[in-house]
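One structure is given here, and the rest of the page talks about it.
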Amino acid sequence: MSRKTTLDLVNECDNFPYRYDDPEAYDGVRSGYFSFMLAGCNATLGYMKADIAQKMPLTDDWKLNEDTKTLLFQPRNANTLEDRNAVLAEYLQEVRKKQVFKVLSGWRNELYPIYGPNRELVLSMERSASALFGIVTYGVHMTAYVETNEGMKLWTPRRAETKQTYPGMMDNTVAGGLATGEEPFGCLIRECEEEASLPEHIAQQAKACGMLTYFHVRDARAGGETGLCQPECQYIYDLKLPADVIPQPGDDEAVDFRLLSVGEVREALAAGKFKPNCALLLVEFFVRHGLLTPEDELDYIQIVSRLHRKLEFPTR
């Protein structure tokens, strides 16, 4: 396997084409997706692969239009957010039982929010279904590091081989999805305890450092169907730890945590060992901490600009 450049890592995560780069190529890719829409909401909420949209078992609550390439959710007698959510939840449970889509085998019993054009919450959807519909998802990612006599070192977990998504790959210190009604920092505190056994008084010291936005198209490593759209907004945090605080796996997400030098992390990135969005976050971390500079990176401007993609859907 050839070594990945920093731009390769960016391209691997933010891999849905940009229309302004090549309009013809963009239109060719875009034509393979349907728009997921909600009745009464004047916005496209996600991109669905055409074959996924065409396999969706249709009821009176759904309308598939091959001409306009749209899948419209039009729940009957659902006048409130709670009513719409109930209809959607019941439908997805039925689809899951029929085993139509592999990705639903990873059912999480977690709800992800979907926002309309005025930042209003219009739906909540089972997490494992989010990629089928190509909706925007939200999460928190944190890098914990230690300052040593040998320089900065980063706490780096390895994902369990039993994970449905990206098994065995390397990860950020703590990462997790943002559920409906959850705020980013509260999510981070919860994930620190669950994933890394970091108590709240330690996790509270994490510093908010901005956000990553990217538009990822999933490959086989993500589990389930390939080609699913995953536009994401990730809230970024740093946590400087003292030498005597050692993260430990708190659930079945990670096998272990290793304290790696910046050089070792760079080698692992170049070897393609990190989960794609975690690699992107580390690129941003290196930029912010002056470990990746214009002097040593020819593609610096393109890399930095690609860390904050304007997404094609409403966000929170």
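The values are calculated or read from the model by the stated rules, or taken from the named source; none is laboratory data. Just so it is clear, the model here is predicted, and its values are computed rather than measured. Glycine gets a Cβ as well: all are built from the backbone with ideal geometry, and neighbour counts include every protein chain shown. Quick note on the areas: whole protein, heavy atoms, side chains included, nothing else; ligands and nucleic acids left out. Shrake-Rupley method; radii C 1.70, N 1.55, O 1.52, S 1.80 Å.
Against the main long axis of the alpha-carbon atoms of the chain, helix 81-97 sits at an angle near 90°. The alpha-carbon of Lys98 sits under 27 angstrom from the alpha-carbons of these lysines, leaving out residues fewer than 8 places away in its chain: Lys49, Lys55, Lys63, Lys69, Lys163. Cross-link reach is defined here as a Cα-Cα straight distance under 13 Å, omitting same-chain residues fewer than 8 places apart; for Lys153 the aspartates and glutamates meeting it are Asp238, Glu264. Placing pseudo-labels 7 Å out from each Cα toward the beta carbon at Leu81 and Ala208 gives an inter-label distance of 2.0 nm.
Would you rank Ile246, Ile301 by solvent-accessible area, highest first, keeping every protein chain in place and using a 1.4 Å probe? Spell out each step's value before the answer.
Values: Ile246 90, Ile301 140 Å².
From most exposed to least exposed: Ile301, Ile246.
Amide H contacts under 5 Å for Thr70: Ser35, Asn65, restricted to partners 5 or more places along the chain or on a different chain, H placed in the peptide plane at 1.01 Å from N. Accessible surface for Asp244 stands near 130 Å², nearest 10, in the context of the full protein assembly shown (1.4 Å probe). Short-range pairs are left out: with C-alpha atoms under 8 Å and at least six residues apart, the relative contact order of the chain is 22 percent. Taking the C-alpha atoms only, the angle from helix 276-288 to the longest principal axis of the chain is near 50 degrees.
If the segment from Glu90 to Leu311 were pulled out straight at 0.36 nm per residue, it would be longer than the present Cα-Cα gap by 76.6 nm.
Counting only Cβ charges, +1 for Lys and Arg and -1 for Asp and Glu, the dipole size of segment 262-316 around its Cα centre is about 400 debye. A Stokes-Einstein calculation at 4 °C with viscosity 1.567 mPa s, built on the Kirkwood radius of the chain over Cα pairs, returns a diffusion coefficient of 63 µm²/s. Placing a pseudo-label 7 Å from each Cα along the Cα-to-Cβ vector at Val304 and Tyr18 gives an inter-label distance of 1.5 nm. With both residues required to sit in the chain, DSSP beta bridges show an antiparallel share near 70%.
The Glu264 and Gln99 beta-carbon pair, evaluated with R₀ = 30 Å, returns a calculated FRET efficiency of approximately 0.10.
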